[in-house]
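The values are calculated or read from the model by the stated rules, or taken from the named source; none is laboratory data. What you see is a predicted model, and the numbers here were worked out from it, not measured in a lab. Cβ placement follows ideal geometry from the backbone for every residue including glycine, while neighbour counts extend to all protein chains displayed.
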There are 2 protein chains.
Amino acid sequence: MDTVARPFSPTVLQRRTPVPSDLDIAQAATLKPIGQVAAELGLREDELELYGPTKAKVRLEVLERLRDRPDGRYIDVTAITPTPLGEGKTTTTVGLSQALGAHLGQRVATCIRQPSQGPTFGIKGGAAGGGYSQVIPMEDFNLHLTGDIHAITAAHNLCAAAIDARILHEAGASDEQLFERIFPKGKSGRKFPRSLQLRCAKLGVTKGNPEDFTPEERRCVCRLDLDPAALTWRRVLDTSDRFLRGVTVGLGEEEQGFARTTGFDIAVASEIMAVLALATSLQDMRHRLGAMVVGLNRKGEAVTAEDLGVAGAMTVLMKDALKPTLMQTLEGTPVFVHAGPFANIAHGNSSILADRIALKLADYVITESGFGADMGMEKFFDIKCRVSGLVPDAVVLVATVRALKMHGGGPKVVAGKPLDAVYVEENLELLRQGLPNLLHHIRIARKFGIPVVVAVNGFATDSPAELDLVRRASLESGAEDAVVCQNWALGGEGALDLAKAVMRVCDRPSNFRFLYDLDEPIKQKIETIAREIYGADGVDYSPEAEARIEAYTRLGYDRLPICMAKTHLSLSHDPTLKGAPTGFRIPVRDIRASVGAGFLYPLLGKMATMPGLPTRPGFYDVDIELETGRVVGLF
Amino acid sequence: MDTVARPFSPTVLQRRTPVPSDLDIAQAATLKPIGQVAAELGLREDELELYGPTKAKVRLEVLERLRDRPDGRYIDVTAITPTPLGEGKTTTTVGLSQALGAHLGQRVATCIRQPSQGPTFGIKGGAAGGGYSQVIPMEDFNLHLTGDIHAITAAHNLCAAAIDARILHEAGASDEQLFERIFPKGKSGRKFPRSLQLRCAKLGVTKGNPEDFTPEERRCVCRLDLDPAALTWRRVLDTSDRFLRGVTVGLGEEEQGFARTTGFDIAVASEIMAVLALATSLQDMRHRLGAMVVGLNRKGEAVTAEDLGVAGAMTVLMKDALKPTLMQTLEGTPVFVHAGPFANIAHGNSSILADRIALKLADYVITESGFGADMGMEKFFDIKCRVSGLVPDAVVLVATVRALKMHGGGPKVVAGKPLDAVYVEENLELLRQGLPNLLHHIRIARKFGIPVVVAVNGFATDSPAELDLVRRASLESGAEDAVVCQNWALGGEGALDLAKAVMRVCDRPSNFRFLYDLDEPIKQKIETIAREIYGADGVDYSPEAEARIEAYTRLGYDRLPICMAKTHLSLSHDPTLKGAPTGFRIPVRDIRASVGAGFLYPLLGKMATMPGLPTRPGFYDVDIELETGRVVGLF
């Protein structure tokens, strides 16, 4: 049975000048009940799970109901190489959606990632967009939301606890003791849950009753024999805690002799986050979680979460997280918030399931990929679209005069410090020198056969000549269109030109292709990305990386796509190389495997997987008003 | 404006024999929409925040609306010293509620704690009650629920990250650099948020504009000068991860020279959990979070979360967690689930706010305290009731024949191993020898002036003579009544006698008194609990404990109540001493201060604050059915 959507009623912005703070705008906003947002999008009441009045999880059953409905247009929003301040990609994503939905009468849905609480309380602040183009309520968006990242933390660390406890217990038990504990006798024979059945099948032990196992079968099924030196599974927290980057665990009295050095990553870097974003169903997530490799045994064979018996429990911990969360923009258009991987150390895209649901319900789906076109967008195409089978119709490439001036040689831009004068005064020469970065990103998108619309996120300090220069350069370099957006100050009204350009471009045929074939050897795939996307002359591998490539090829992981872990602050691996650098070689320091998520990730140079806190973190300003309970200081 | 409650409609149990597994019963159950449960209790729709169809957070505004309504009867459920299997305290709590609400037509509300996910996936399993006396949906109850424990983890670890980052940054900065960073210049002068205003006030720096601070004032405000050797704030996770009991942090390249040894506790042991349970309003929680002491500076002065500037952000992270979650029993009576401290290493009681809301809405409020009357109940009276000002009307003391036989000298009871025959066959002599434990617990409750009803949680293997012996002994020893309950097998119908006894007892006058006065010196309070509650001959203090007592007295913390960290498996500090031991002295190994929560907690012997996983943890059986998505293996 299909459902007819309720007519869409836009929320009318009550704009003020000068534009107030993000939090002030968000808290002054009118919110539609989330049930109304859902009904306007064509969701049924029984497909929603409300989390308070303004957010709801959407049940995956909707995909079954709308199986036969054609997909809407699929637009990815990416950016040039950003400054550390970000160039307003989420703001543009939201503004474009507001323009399409609240001003042009189109059925639109926005798909964005949930932000990590680490940066929210550390340096970066919130991630709900800005000005009059925001997702609301922004407190909920930036805080726990519906608990998905917490679920990832819980599932990830359960696996970590299982690893160390298992090593300890195996060391102290005979094969027979292990067997008796792993396969305890119940009222109806020995317990034999799915995880153990899968482990037995993998080892070629096909007997249906553990009682019949030979001593050798008992040993090989029950003894994982994990090599402490070859463990790759770390722990995670959604807190910017640099002191957890390197830790020694097992220093308690009862764990003596088993201490080992490991570390914590930020939770959004967890492989489980990547799995969440790439899973296509509950069953697929169960399978992927089981396939995650946590390390090697002493024979050099991969040991998985399935082998540890923990994949079912992780799936149960993640079952609600798999449902996307529905929210709204300031102008009342629907937003799916789901998954939140970083695009430098992870694949940086929101979930396949959110995109799929959105494509069934809306005519235009605006999905955002992280950082520049070299980062989140490349991974969007080569990893996410490869898994989902979805074909995008257009790319919106966000640029700012500020960032292009930086690429042209402008002084360093540092979060929390005042901008140099060159960034707030007209300087066409500096801007012109920075254009190669923009042109390179346009070329990247065109390599995938997808038309590009450049969205210049205009600041009040940009001059008409500067904005015009960027537009003209874009059009000369292969962009289908290039428009200036004022949606930070004006909301959807400020992105009308962009919205119209996107609609026009979506009607043209695209010719989507992947950058590389999965069948190519690991090194060839890495080198294709390095040369074609980053503009490098070649790739150098550390001995560790060479050894990993050999091992992963032996283990059969060489057919996975590549998820480069690279700085987002340069097209190269070196954050100080601005513009469109040439004449550099990419150093691959190490390669890791996310077998459950389904990719290999080479580490290009030093990549921090756990942010830190500055002397005065963002949390200093965050508080409640005692009288009203209102949140202050989130930005 | 008051609201008239909708008439209560009980959910009719569809009982089966033999009693199926807890999860099977729970999943076969009929659930009322939680909005109906709320309406029947007299809550207004706008006082609810739905979290899916079967759970909702309750807004604290309801307390304002019902300010003038008289409180209902207040009944605490406690137990004798349990076996490691637990004696069915939650089951009795739920069954009593079902009897009162679904069978005797009383307006009843149940208040229980949220379980930790550590034990759920480790040894103990779920905590939603059992058989036909459960809180449902039991998967939600045992998993993330509405995210409160995750919020605690996030808030706690943000504070931990702030501590270590601050030590690092202070070491590398001059006083003037620190001042410039902590008080950055904004458009309207230097930022001066509440936390810094409070720190300045504490230090006697009363100037309204940081610009006017003298160099000495800049130094003393901005330099916390934390002593790494005197830090008491650890990190937490809601995972049973024994390898985190002792860890060295700061081993990353960029933290060199700042490594230090610390550890993780289970999240429910966090002081923030204690604060959540004891807070009386959002404002009170803000104050308590700021007052939490994280360590000492090099002068030996206390440094608080307020000093770190992180208390406001912690409050924002905790603002939704402060609202109790509403669920229901198998017979459709309302249940408030809120907070979840363990009663051995923490105070072990659900929240004051949940109890207060329940007392305004119901005629009978059944609240559960953790473990035995020596543990959660003593803390319920001396800590929780002291803060809340609420006066309980009755205590229900749960006993089992099984546990009493163990106290009488029966063989060790071990989770996951079959019970010895003495526990499933009549053995009046063993039972008689165990009775002193029951009688001791009755005496403990009577010391507080509160009448006691003994609830014998009857097992199918208990003989009539055994049950009768327990009843008679209870009555002879000062219990107001003693009844056998069959609610595990029968639901509320099996607790009718208990419910009637509780109603009778609640009509009698009580004479509530605290065990000790706050004005007494620390040692005197500890010794009163040790002698009067545990039956000890006296207390011995380690040199560390003596030093702490001196320091806490100097710092003015000596007027706080005492929260003993003691094994729950014995009335003494030694888990092997069963029955009602005498002739022992209590060793106080150390004392810690939870200044924000508002108590001192002496550690009696070794107390693990982080559980571990066994060789085959409970998670092995937890999975989803691939076809239906149904959860299996939770128990």
Response to the item:
Given the conditions (1) over 30 Å from B:A173 (Cα atoms); (2) touching a Gly at 6+ places or on another chain (Cβ under 9 Å), every one holds for A:T609 apart from (1)
Worksheet item: Among the listed residues A:G309, A:G300, which satisfies the condition of being under 23 Å from A:L168 (Cα atoms) and surrounded by fewer than 24 Cβ atoms within 10 Å (Cβ to Cβ)?
Response: A:G300
Response to the item:
(1) more than 7 Å from chain A (Cβ to nearest Cβ); (2) part of a helix (DSSP H, G or I) all hold for B:F243 apart from (1)
Discussion item. I'm checking my understanding of the structure. Among residues of the range A:227-240 that are buried (at least 22 other Cβ atoms within 10 Å of the Cβ) and part of a strand (DSSP E or B), which one is farthest from the other protein chains (Cβ to nearest Cβ)?
Written reply: A:V236
Fill in: Candidate set from the range B:227-282 (those that are farther than 14 Å from A:N157 by Cβ and among the polar types (S, T, N, Q)); member that is modelled with the lowest pLDDT
B:Q256
Worksheet item: Which condition number in (1) hydroxyl-bearing (S, T, Y); (2) more than 13 Å from chain B (Cβ to nearest Cβ); (3) assigned to a loop (DSSP other than H, G, I, E, B) is the one that A:Y601 fails?
Response: (3)
Worksheet entry | Enumeration of residues in the range B:543-575 that are among the small types (G, A, S), crowded, with 21+ Cβ neighbours inside 10 Å and not in a helix (DSSP H, G or I) | B:A565, B:S570, B:S572
Worksheet item: Can you name the number of the only condition in (1) at negative phi; (2) in a helix (DSSP H, G or I); (3) more than 24 Å from the chain's Cα centre (by Cα) that A:K525 fails?
Response: (3)
Practice prompt. For residues that are more than 7 Å from chain A (Cβ to nearest Cβ) and assigned to a strand (DSSP E or B), scanning just the range B:248-283, find the one that is surrounded by the fewest Cβ atoms within 10 Å (Cβ to Cβ).
Written response: B:R260
Worksheet, complete the sentence: Of the residues in the range B:449-491, those that are farther than 30 Å from B:A29 by Cα and small (G, A, S) number 9
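What are the residues in the range B:135-155 that are within 19 Å of A:L244 (Cβ to Cβ) and within 9 Å of chain A (Cβ to nearest Cβ), if any?
Once the filter is applied, which keeps residues that are within 19 Å of A:L244 (Cβ to Cβ) and within 9 Å of chain A (Cβ to nearest Cβ), the range B:135-155 yields B:H150, B:T153, B:A154.
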Worksheet item: Hey, does the range A:374-389 have a residue that's at pLDDT 95 or above, assigned to a loop (DSSP other than H, G, I, E, B) and out of contact with any Leu (no Cβ under 9 Å at 6 or more places or on another chain)?
Response: yes
Worksheet item: Could you count how many residues in the range A:264-292 are in contact with an Asp or Glu (Cβ under 6 Å, 6 or more places away or on another chain) and farther than 12 Å from A:A339 by Cβ?
Response: 2
Worksheet item: Within the range B:406-416, can you find the residues that are under 28 Å from the mean Cα position of the chain (by Cα) and not β-branched (V, I, T)?
Response: B:M406, B:H407, B:K412, B:A415, B:G416
Practice prompt. Name the residue, out of B:A162, B:A173, that is at the interface with chain A (Cβ under 8 Å from one of its Cβ atoms) and touching a helix residue (DSSP H, G or I) at 6+ places or on another chain (Cβ under 6 Å).
Written response: B:A162
Worksheet entry | Residues satisfying the stated conditions in the range A:128-182, i.e. touching a Cys at 6+ places or on another chain (Cβ under 6 Å) and within 30 Å of A:A597 (Cβ to Cβ) | A:I182
Discussion item. So for the range B:140-157 (the condition being without any contact (Cβ under 8 Å) to a residue 40 or more places away in the chain and either closer than 21 Å to B:A302 by Cα or surrounded by fewer than 17 Cβ atoms within 10 Å (Cβ to Cβ) (or both)), does at least one residue qualify?
Written reply: no
Worksheet item: How many residues are among the hydroxyl-bearing types (S, T, Y) and surrounded by fewer than 24 Cβ atoms within 10 Å (Cβ to Cβ) when one looks only at the range B:372-401?
Response: 1
Worksheet entry | Total residues in the range B:495-531, condition surrounded by fewer than 18 Cβ atoms within 10 Å (Cβ to Cβ) and touching a Lys or Arg at 6+ places or on another chain (Cβ under 6 Å) | 2
Worksheet, complete the sentence: Going through the range B:298-318 in order, the residues found to be more than 14 Å from chain A (Cβ to nearest Cβ) and either over 20 Å from B:I167 (Cα atoms) or out of contact with any helix residue (DSSP H, G or I) (no Cβ under 9 Å at 6 or more places or on another chain) (or both) are B:R298, B:K299
Worksheet item: Can we say B:R59 is farther than 19 Å from B:Q486 by Cα, over 24 Å from the mean Cα position of the chain (by Cα), within 14 Å of another protein chain (Cβ to nearest Cβ) and touching a residue at least 40 places away in the same chain (Cβ under 8 Å)?
Response: no
Worksheet, complete the sentence: Taking the range A:31-50 and keeping residues touching a residue at least 24 places away in the same chain (Cβ under 8 Å) and not small (G, A, S) leaves A:L31, A:K32, A:I34, A:Q36, A:V37, A:E40, A:L41, A:L43, A:R44, A:L48, A:E49
Worksheet item: Considering the range B:611-624 alone, what residues qualify as being in a loop (DSSP other than H, G, I, E, B) and either under 22 Å from B:G131 (Cα atoms) or facing chain A (nearest Cβ under 8 Å) (or both)?
Response: B:G612, B:L613, B:P614, B:T615, B:R616, B:P617, B:V622
Discussion item. Here are the criteria: (1) at pLDDT 95 or above; (2) within 10 Å of another protein chain (Cβ to nearest Cβ). Tell me which single one B:L577 does not satisfy.
Written reply: (2)
Item to complete: Name, by its number, the condition in (1) over 10 Å from the mean Cα position of the chain (by Cα); (2) surrounded by 24 or more Cβ atoms within 10 Å (Cβ to Cβ) that does not hold for A:S351.
Response: (1)
Worksheet item: Is at least one residue of the range B:192-201 surrounded by fewer than 18 Cβ atoms within 10 Å (Cβ to Cβ), at negative phi, at pLDDT 95 or above and away from chain A (no Cβ under 13 Å)?
Response: yes
